[in-house]
Amino acid sequence: MTFMQVIEYETTDEDRVDRLMDEWLRITEGKRTAHHAMFGKDREKPSHFMQIVEFPSYEEAMRNSDLPETRHIAEEMREACVGEPRFVNLDVTRDEVVDEDAMETLMGKVLTDLGAVTVAPMMVIGERLGLFTAMADGAPLTSAELATRTGTQERNVREWLALMAASGYITLDPDGRFRLSPEQVVVFTQQDSPYYAPSGFQLFSAAGSMETRDKLERAFVKGGGVGWEEHHAELFPNVGRFFRTGYAAFLVDQWIPALDGVADKLRTGGTAADVGCGLGYSTMMMAKAFPKSHFVGFDYHGPSIDEARRLAKAEHLGKRVDFEVAGSADFGGGPYDLIAFFDCLHDMGDPVGALSHCRARLADGGVVMLVEPNAADDLADNMNPLSRAFYGGSSLICVPASQAQPVGRAMGAQAGEARTREVAAEAGFSHFRRATETPFNLVYELRS
C-alpha cells in the first residue's frame, strides 16, 4: 500500500532548509526509497511549511528514515526550525489523479453534445421551413439565395447554415457558398430513405419538451411513469415517420420472408394483427404487399387510430385493413396467422400478459413476430452511438410508458435477446428464434 509522510514545520531560514534538502537529495542518490515529494508554503503564515513525501509502502518509508544520511540531515533540519517538526504518517486509501488528456477528451464529448442540443431544434425548424429541401439539387448557394428560395430572413438563414456546416450536415465550399453533398441530400431531404434523419430530431425534440420533462422529473421522484398518451402531440406522428422508412425497406422484403411459412400464408389469404400499430404504417405496408390477406391494427391510443384510419382511407385500402382501439392484452378478432409487434413490446407494462393473450388468438401454426431495437445482452457491449440513441429514447419514452401501465415490467428499448426470450418463455411460447436482423433491429419468431 502506498504510504505518505507529511512533515509540518516552521522556520525563519527558508534558504537553509532548501540547501539541506538539496544536500539530502545528493547524498542519498541511489539509496532513498521516496519516489515523490512536494513542498508547500503557507500563504497566510510565510514561516509555516509542509512537506509531503510519497513512498511505495510504510516499510520503505522506515527504511528511508533509517539511512544515516537521512538521520544526519534530520538533525540539521531541527536546528533550522522553530520548535520540533510534526510528522503525520498516512496509509493512502485512495489515489485519484486527473488525467489531462482524458479530461480534454471528455470535454470534447461535452462540447459535441452541447452543439447537438442546439442542432436539434434548428434541425426541426430547417425541415419545417423547407431549408433542406430547397438545397436538394446539391447546387452551391449563398444564404441570401436560400432565404429568397424559402421566403425567410437572410440573417437567420446565414446563422442556421453556419451551424449546420459546423455540424457536418451541410458542406461549406471554399468560396463561402453552401451545398448538400449527395449523402447529405439523402439523409436530410429524402423522406422515403431509411437514412432520413430529421424525423428523428423531431421525435426527440417532442419527447424532451418542457412539459414532458416536468412529468418525467416527477416520475423519477414519485414513480408512476409517464403514459404514452401524456406526451406532446408532435411525438406520435414523428414516431411514425421515424420508423416508417425502416419498415418500408425491410418489412416486406426481409422480415416476413424470414418467418417460416408466413409469407406463403399471407399470399394465399391469411389474417394478421399489428399490435401497438400507432399510425398504422406497418399495417398498411403489409396490406399492400399481401392483398389477399386481412390486416387489423390495434393501439390503445385513440388519436393514433383515428389518424391510421384516415391514412388507410387515403391509400384506398378498402376492406383489406381495419384499425381498432384496443390494448395489447385485450384486442379481439382472430384466429390470426401472424401477430406482429413493431418496436413496441418493450414499451408495454405487461409484455408477458400481452404475449399470453396472443397465444390464445393465434391460429394453428400461427406466428408472433417481434421486431425490437438491436441490442446486446451485456450492457458493456451496448456502449456505442446506436445504443446511446436507443437508451435516450428509452429513458424519455419507453421505460416511463411501461411504468405507467399495470405490472410496469419496463424492459427498455435495449432489452436484448436474452430478456426478450425470457418474457416469451414466461408467456408460454416453446419456440423462440432470431429470424433475422438489421443494424437497427432484431426480428424474433415465436410459436406455441
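What follows is calculated from the coordinates using simple rules that are stated; it is not laboratory data. If you're wondering where the values come from, they're calculated on a predicted model, not measured in any experiment. Glycine gets a Cβ as well: all are built from the backbone with ideal geometry, and neighbour counts include every protein chain shown.
Determine the sum of side-chain charges near residue 373: Lys and Arg each +1, Asp and Glu each -1, restricted to other residues whose C-beta is under 15 angstrom from that of residue 373.
Numbers: positive: 388, 419, 434; negative: 343, 347, 372, 377, 381, 417, 437.
Every neighbour counted, the sum reads -4.
Report the full-extension gain for the segment residue 264 to residue 136: residue separation times 0.36 nm, less the Cα-Cα distance, to one decimal in nm.
42.0 nm
Give the share of C-alpha pairs in each 5 angstrom bin for the range 387-448, from 0 to the last occupied bin, in whole percents, shortest bins first.
That works out to 4, 16, 22, 23, 20, 12, 2, in percent per bin.
If I model a spin label as a point 7 Å beyond the Cα along the Cα-Cβ vector, how far apart are those points for residue 65 and residue 79 in nm?
Once both label points are built, they end up 2.3 nm from each other.
Could you work out how much longer the chain between residue 111 and residue 19 gets when fully extended? Use 0.36 nm per residue separation minus the Cα distance between them, nm to one decimal.
Here the segment from residue 111 to residue 19 would lengthen by 28.4 nm.
How would the range 308-448 be classified by its alpha-carbon gyration tensor: rounded, prolate or oblate, with rounded meaning a/c under 1.5 and the a/b versus b/c comparison settling the rest?
prolate
If you project the alpha carbons of the range 52-140 onto their three principal axes, what span does each projection cover, largest first, in Å?
The principal-axis extents, from largest down, are 84, 28, 26 Å.
For residue 2, project a label point 7 Å along Cα to C-beta. Then give me every residue of the range 21-61 with its amide nitrogen under 16 Å of that point.
Inside the label zone: 34-39, 52-61.
In terms of the Cα gyration tensor, with a ≥ b ≥ c the square roots of its eigenvalues, is the range 192-343 rounded because a/c is under 1.5, prolate because a/b exceeds b/c, or oblate? Walk me through the numbers before you get to the answer.
Values: a/c = 2.11, a/b = 1.70, b/c = 1.24.
Taking the square roots of the gyration eigenvalues as a ≥ b ≥ c, the range 192-343 is prolate.
Placing one identical point scatterer on every Cα of the range 235-293 and ignoring solvent, what is log10 I(q)/I(0) from the Debye formula at q = 0.14, 0.18 Å⁻¹?
Result of the Debye calculation: -0.39, -0.62.
For the range 299-344, calculate the relative contact order in percent as a whole number, restricting contacts to Cα pairs under 8 Å that are 6 or more residues apart. Present the calculation step by step, with values, prior to reporting the outcome.
Details: 20 pairs, mean separation 20.4, N = 46.
Across the range 299-344, relative contact order equals 44 percent.
What is the Å³ per residue value for the convex hull set by the Cα atoms of the chain?
248 Å³
So which helices of the chain fit the span-like rule, where a helix is a whole DSSP H run, its Cα atoms reach 24 Å or more along the axis, and its mean Kyte-Doolittle is at least -0.5?
Within the chain the helices that satisfy the rule are 100-128.
Bin width 10 Å, origin at 0, all Cα-Cα pairs of the range 359-407: what percent of pairs per bin?
That works out to 20, 33, 31, 16, 1, in percent per bin.
So what's the back-of-envelope 222 nm ellipticity for the chain, counting only DSSP H runs of four-plus at -39500 (n - 2.57) apiece and dividing by all residues, rounded to 500?
-13500 deg cm²/dmol
Determine the sum of side-chain charges near residue 334: Lys and Arg each +1, Asp and Glu each -1, restricted to other residues whose C-beta is under 15 angstrom from that of residue 334.
-3
I'd like to know how the range 1-110 sits against the 2.2 N^0.38 Å rule of thumb: what's its Cα Rg over that expected value?
Scaled against compact globular proteins, the figure is 1.27.
Would you please classify the overall shape of the range 96-230 from the alpha carbon gyration tensor, given that a ≥ b ≥ c denote the square roots of the eigenvalues, rounded means a/c under 1.5, and beyond that prolate means a/b larger than b/c while oblate covers the rest?
Oblate.
Could you work out how far apart the two model spin labels at residue 167 and residue 213 are, taking each label as a point 7 Å from the Cα in the direction of the beta carbon, and quote it in nm?
About 1.7 nm separates the two model spin labels.
With labels modelled as points extended 7 Å from the Cα through the Cβ direction, what inter-label distance (nm, one decimal) is found for residue 192 paired with residue 248?
If labels sit at residue 192 and residue 248, their model points lie 0.6 nm apart.
With a Förster radius of 22 Å, plug the Cβ-Cβ distance of residue 103 and residue 35 into 1/(1 + (r/R0)^6) and report the FRET value to the nearest 0.05.
On the way: r = 24 Å, r/R0 = 1.10.
FRET efficiency, residue 103 to residue 35: 0.35.
Using amide H atoms built 1.01 Å from N in the peptide plane, name the residues 5+ places from residue 362, or on other chains, whose amide H lies under 5 Å from its own.
Amide H neighbours of residue 362: 336.
Considering Cα pairs under 8 angstrom that are at least six residues apart, work out the relative contact order of the range 171-263 and quote it in whole percent.
In percent, rounded to a whole number, it is 27.
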